[in-house]
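Everything below concerns the one structure shown next.
The values are calculated or read from the model by the stated rules, or taken from the named source; none is laboratory data. Here the structure is a predicted model, which is why all the values come from computation and not from measurement. All Cβ positions, even for glycine, are placed from backbone atoms using ideal geometry, and neighbour counts span all protein chains on display. Heads up: the accessible areas ignore ligands, DNA and RNA and are worked out on the full protein's heavy atoms, side chains in. Shrake-Rupley method; radii C 1.70, N 1.55, O 1.52, S 1.80 Å.
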Amino acid sequence: MSEQPETLGKYQIQTVLGKGKMGIVYLGLDPDINRKVAIKVLHPHLCEGEAGEDFVRRFRREAQAAARSFHTNIVTVFELGKHGDTDFIVMEYVQGEELQEALDGGYLFSEEEVIFIAISILKALDTAHANGIVHRDIKPANILLMDDGNVKVADFGVAKLDRLDLTMQGNAVGTPSYMSPESLKGKTVTHLTDIYSLGAVMLQMLTGKRLTADKLYPLKLNEFMAEVLAGDRAKQVSPKLMSLVVKAMSEKPELRPRTSCSFYNELEKIAKSNATGLACDDETQQKLVNILMAYLGPIAPVLLKQTLSKVKTYEDLALRLSQAVDDTVEQEELLVKVQKVLKRLSITNDAKFTGDQPLSCDESIQEQLVLILKPYLGPIAPVLLKQGLAKANDNDSLLLTLSAAIEDEQESQAFLERARAVFPSQ
């Protein structure tokens, strides 16, 4: 298949998503349900002879492994098909970028981002391990950062399924920089090899360092770790997190976190101890992600989550998000857009009130204001009024505060006109 095919089975081929040493991934369309899919095929020359048969078996096993591990953090496999002599895997089309791309672009991950991504991977691994599957090739190129903020694990092409291991005894399988010591030596591997690989990925995200050939053959893991830990970036990482990463990369498997679940739990404890936290509902977060995507690309959802964990007010959130953009003009544009989305939330959640005492307001007037406010803001109207009364010094400032919660300017003005009529003196 040297030329791009028009179809594979029932699927219409639209374009090439990526090429590698092993094969090609196409963007396809499932005409039955009008759904975009990713379709992976092997290079034809790899399918020839006895070695080719092994490649095909391994390729088919990827579909089996992923299909057995259905989880929101694993790229979903829909079908294993055959078109003539060509085997193909039909998978979920994931919109986003590889973690490798972010690393290659020089992006500096915060501890919160590293923990969030690692926890997502561990959720995927927990499901795979529970189904008797060891991934064996956890690396940045197989971690996908999706546009919607989710993280997915891809490529189970070298996975080990229970007692079925299609790789030859003594042959190492995986990507050397992230392979466990036992895997590098061609020894039998368990789920603990994935724990090691994730530790290696986390180390690179935190420090920018990964094992290179001069430390791999022969393996000089202790020497490598000593050099990394002495570096400036490693010294800035919290001791608890760095200690856990080092533990995950222990040369002896029995010294690593015992399971993906226990690794996850330890990361959760670190995340909770570090979190300051700011409440922000899912709808607002999605609006902010949509705005940030135009400036920052697929890393936007992760940036938002880690920024929310650091700030205490919505003013600080808006400022920090805008500072993620280098261009000063774009910074100002982004700040204005984010502030517009957050202005309603700032009324309901900002704990800093300016008034010493709540503004006195007759209950009948409060009921009328809520009725006027509800068509614009829904069930949150009574809460907004209560918070507005606590912040306002007089009736006019109360109404201005409430109107600021309505995003549409015309609707905001319409509310003001109706609300002012409620007060006899106005």
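Selection among Thr127, Phe78, Tyr11 by position relative to the dipole of the chain gives Thr127 as farthest towards the positive end (Cβ unit charges, Cα centre). Computed from backbone phi with θ = phi - 60° and the Karplus coefficients 6.51, -1.76 and 1.60, the 3J(HN,Hα) list for region 138-148 is 6, 7, x, 5, 9, 10, 10, 9, 7, 4, 8 Hz; x is used for glycine and proline. Rounded to the nearest 5, the antiparallel percentage of DSSP beta bridges internal to the chain is 95%. How would region 171-263 be classified by its alpha-carbon gyration tensor: rounded, prolate or oblate, with rounded meaning a/c under 1.5 and the a/b versus b/c comparison settling the rest? In terms of gyration-tensor shape, oblate.
Counting only DSSP H runs of at least 4 residues, each contributing -39500 (n - 2.57), and dividing by the residue count of the chain, the helix-based mean residue ellipticity at 222 nm comes to -15000 deg cm²/dmol. Close amide-amide hydrogen proximity is noted between Leu8 and Ile13, each under 5 Å apart and 5 or more residues distant or on a separate chain (H modeled in the peptide plane; Pro and chain starts excluded). Note on exposure: Cys280, Cys261 ranked by accessible area (1.4 Å probe, complete protein assembly) read Cys261, Cys280, with the most exposed listed first. Note on Asp362 and Gln286: with the Förster distance fixed at 41 Å, the Cβ-Cβ geometry gives a FRET efficiency of about 0.60.
Modelled spin-label separation between Asn274 and Ala130, with each label point placed 7 Å from Cα along the Cα-to-Cβ direction: 2.6 nm.
Can you bin region 214-333 into rounded, prolate or oblate? Criterion: square roots of the alpha carbon gyration tensor eigenvalues sorted a ≥ b ≥ c, rounded for a/c under 1.5, prolate for a/b above b/c, oblate for the rest. Don't skip to the end; give the middle numbers.
On the way: a/c = 2.65, a/b = 1.87, b/c = 1.42.
Verdict is prolate for region 214-333.
Taking each full run of DSSP H in the chain as one helix, which ones are at least 24 Å long along their axis (Cα atoms) and have mean Kyte-Doolittle hydropathy of at least 0.0?
Those that pass (Cα extent of 24 Å or more, hydropathy at least 0.0) are 111-130.
Taking a ≥ b ≥ c as the square roots of the Cα gyration tensor eigenvalues, with a/c under 1.5 meaning rounded and otherwise prolate when a/b beats b/c, else oblate, which class fits region 50-113? Because a/c hits 1.5 or more and a/b exceeds b/c, region 50-113 counts as prolate. Of the labelled figures (i) 92, 55, 40; (ii) 72, 42, 34; (iii) 122, 55, 44, only one reflects Cα extents along the principal axes in Å as derived from the coordinates, namely (i).
The amide H of Val37, built 1.01 Å from its N in the peptide plane, has Gly28, Leu29, Asp30 as neighbours under 5 Å, considering only residues 5 or more places off or on other chains.
The eigenvalues of the Cα gyration tensor, multiplied by 5 and square-rooted, give region 248-296 an equivalent ellipsoid with semi-axes of 35, 15, 9 Å from largest to smallest. A cut-off under 12 angstrom between Cβ atoms defines the neighbours of Lys272, and their net charge, with Lys, Arg +1 and Asp, Glu -1, is -1.
Considering only protein heavy atoms, what is the solvent-accessible area of Arg418 at a probe of 1.4 Å, reported in Å² to the nearest 10? So the heavy atoms of Arg418 present about 120 Å² to solvent.
Pair-distance distribution P(r) for region 1-150, from all Cα-Cα distances in 10 Å bins starting at 0: 10, 37, 36, 16, 2 percent. Tell me the net charge near Lys82. Cut-off is 14 Å between Cβ atoms, Lys82 excluded, with +1 for each Lys or Arg and -1 for each Asp or Glu. Local net charge: +1.
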